[in-house]
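Worksheet: one structure, shown below.
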Amino acid sequence: MQSIITKPSNQILTILSILLSVSLLSACGDKSATAQPLEPIEKVVISVPVEVSLLSTGSISSDYTTTAVLEPKEEAFVVPRASGIIENIYVEEGDYVEKGQILAQIEPSRYHLNLDRAKADLVGVEKELAKINKVYNQKLVSDDTYDKLSAQYESAKATLSLAELDLKEATIMAPISGFIAERNAKVGNLTESFQRARMFHIVQQKELYGIVHLPEKELSKVFKNQSATLVLAALDNTKVKAFVERISPVIDSATGTFKVTLRVPNLDNHLKSGMFAEVKLNYDTHEDALLLARKSLISIDDSINVFTVENGIATKQNIVIGYQQGELVEVLSGLSGHEQVVVTGHQNLRDQAPVEVIETAASLPKQLVKG
């Protein structure tokens, strides 16, 4: 009975010894593991590359943009008043003519003969009236006879005047000064009095008109002699000045627009009638305005923001803008004018984000031309 109890005791001791050894080894392993300190993790900062621009001051305008086709201030369609064969033509298309200059000649023989007959008739009536006057004072001729002869005399004078006019109208003359835009007449053609086909088209281009139709809401902003700028694609986008000449006093109810006539000086004759022009009607101009590149703006929820850069940090700044013209906008508040404003790379930029300026764009122009 005693031997049975002793044997299990030895086994238990052996097992306890093994467990104790394992615990000591584990404790030593944990102590050696915790004895080595952890290395700190370095924080990596990534700077966003951006391009910045400086602000500037200058003039900026509020414009209304539309289109117009240039028209001559004066033009004339020359049609013959006399009938006959065209005998001579003295001008060609592109020639400049003065008012009263001869353009063409209709064969005048018939009109010379009519004039000679009218002169002869008038001479005959004058002689007869002279005889009657001598005896009329003596009451030897009735009043009725005298009145009839006097009427014949007036009729003969009128016939002579008409014959002189017909002869004069056989010579086609320029009614206005200007350039020959069209010449439809040819030597040998038969013309009819006041025919619909025009012989010549003359345009005066020293001053042109541009007709524009503006929405009725713009009526209060337009006034006489207001300046406008015309951009002509046919002349490599040349800009020319124009001025409001007339403003229609009525609104077209069908279109809701009113007519404005622009006066376009053209003393050097570079502009031509019929040219297409982009019109910028200048409503107002602000001088010495603070100007900012339009591409730097970020619009979020009806607010306008830009990013400014200082010491490598981008700061989001809310601003209020005024007039906008071309690639520039007017800054009314929010910037002092000395900041560097991000113009490229700002679309995904966050407030207080680190940035790296890779390029500074050229500063904005000091002065904008009006219009």
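Could you list, in sequence order, all residues of the range 159-176 that are open to solvent by 40 Å² or more (accessible area, probe 1.4 Å) and either under 29 Å from D95 (Cβ atoms) or out of contact with any Lys or Arg (no Cβ under 9 Å at 6 or more places or on another chain) (or both)?
S161, L162, E164, L165, D166, K168, M173, P175
Can you go through A234, A254 and tell me which one is open to solvent by 80 Å² or more (accessible area, probe 1.4 Å), over 20 Å from Q325 (Cβ atoms) and among the small types (G, A, S)?
Result: A254 is the single residue among A234, A254 that is open to solvent by 80 Å² or more (accessible area, probe 1.4 Å), over 20 Å from Q325 (Cβ atoms) and among the small types (G, A, S).
For the range 102-116, how many residues meet the condition of being in contact (Cβ under 8 Å) with a residue 40 or more places away in the chain and not in a loop (DSSP other than H, G, I, E, B)?
9
Does T229 satisfy being surrounded by fewer than 15 Cβ atoms within 10 Å (Cβ to Cβ) and within 20 Å of the chain's Cα centre (by Cα)?
No, not satisfied.
What number goes with the only condition from (1) more than 30 Å from L262 (Cα to Cα); (2) out of contact with any strand residue (DSSP E or B) (no Cβ under 6 Å at 6 or more places or on another chain) that N88 does not pass?
Every listed condition holds for N88 apart from (2).
Sort out which residues of the range 307-347 are in a loop (DSSP other than H, G, I, E, B) and within 12 Å of L290 (Cα to Cα), and write them in order of number.
Of everything in the range 307-347, those that are in a loop (DSSP other than H, G, I, E, B) and within 12 Å of L290 (Cα to Cα) turn out to be G334, L335, S336, G337, H338, E339.
Report the residue count in the range 286-303 for those that are in contact (Cβ under 8 Å) with a residue 24 or more places away in the chain and open to solvent by less than 70 Å² (accessible area, probe 1.4 Å).
Of the range 286-303, the ones in contact (Cβ under 8 Å) with a residue 24 or more places away in the chain are 286-298.
Subsequent filtering for residues that are open to solvent by less than 70 Å² (accessible area, probe 1.4 Å) retains 286, 289-293, 296-298.
Of the residues in that region, 9 qualify.
Can you find a residue in the range 200-217 that is open to solvent by less than 20 Å² (accessible area, probe 1.4 Å), of a type in the set (D, E) and in contact with a Phe, Trp or Tyr (Cβ under 7 Å, 6 or more places away or on another chain)?
no
Can you name the condition, by its number, that E192 falls short on among (1) within 30 Å of N266 (Cα to Cα); (2) open to solvent by 80 Å² or more (accessible area, probe 1.4 Å)?
Failed condition: (1).
So in the range 331-349, with the set limited to residues that are among the polar types (S, T, N, Q) and out of contact with any helix residue (DSSP H, G or I) (no Cβ under 8 Å at 6 or more places or on another chain), which one is most open to solvent (accessible area, probe 1.4 Å)?
Restricting to residues being among the polar types (S, T, N, Q) and out of contact with any helix residue (DSSP H, G or I) (no Cβ under 8 Å at 6 or more places or on another chain), the top hit is N348.
Just give me the residues in the range 102-116 being small (G, A, S) and either within 26 Å of T159 (Cβ to Cβ) or open to solvent by 40 Å² or more (accessible area, probe 1.4 Å) (or both), in sequence order.
S109
Is there a residue in the range 266-280 that is open to solvent by less than 20 Å² (accessible area, probe 1.4 Å) and within 16 Å of V222 (Cβ to Cβ)?
Taking the range 266-280 and keeping what is open to solvent by less than 20 Å² (accessible area, probe 1.4 Å), we get 266, 271, 277, 279.
If we keep only those that are within 16 Å of V222 (Cβ to Cβ) as well, we get 279.
Yes, because at least one residue in the range 266-280 is open to solvent by less than 20 Å² (accessible area, probe 1.4 Å) and within 16 Å of V222 (Cβ to Cβ).
Give K134, K119, K99 a once-over and let me know the one that is open to solvent by 80 Å² or more (accessible area, probe 1.4 Å) and in a loop (DSSP other than H, G, I, E, B).
K99
Kindly list, by first and then second residue, each pair from a residue in the range 180-204 that is modelled with pLDDT under 85 to a residue that is surrounded by fewer than 19 Cβ atoms within 10 Å (Cβ to Cβ), limited to pairs with Cβ atoms under 7 Å and residues at least 6 apart or on different chains.
That search, which allows pairs on different chains as well, returns E192/S83; S193/R81; S193/S83; F194/V79; F194/R81; Q195/V79; A197/N184.
Among the listed residues L149, L129, identify the single one that is in a helix (DSSP H, G or I), in contact with a Ser or Thr (Cβ under 9 Å, 6 or more places away or on another chain) and open to solvent by less than 50 Å² (accessible area, probe 1.4 Å).
Matching residue, one of L149, L129: L129.
Considering each residue of the range 79-96, count those that are more than 30 Å from L271 (Cβ to Cβ) and in a strand (DSSP E or B), and give that number.
Residues meeting the conditions: 5.
For the range 256-279, indicate whether the set of residues that are of a type in the set (F, W, Y), in contact with an Asp or Glu (Cβ under 8 Å, 6 or more places away or on another chain) and in contact (Cβ under 8 Å) with a residue 12 or more places away in the chain is non-empty.
The answer is yes; a qualifying residue exists.
The values are calculated or read from the model by the stated rules, or taken from the named source; none is laboratory data. If you're wondering where the values come from, they're calculated on a predicted model, not measured in any experiment. Counting neighbours? That spans all protein chains shown, and the Cβs are built from the backbone with ideal geometry, glycine included. Protein only, heavy atoms only, side chains kept; ligands, DNA and RNA dropped before computing areas. Shrake-Rupley method; radii C 1.70, N 1.55, O 1.52, S 1.80 Å.
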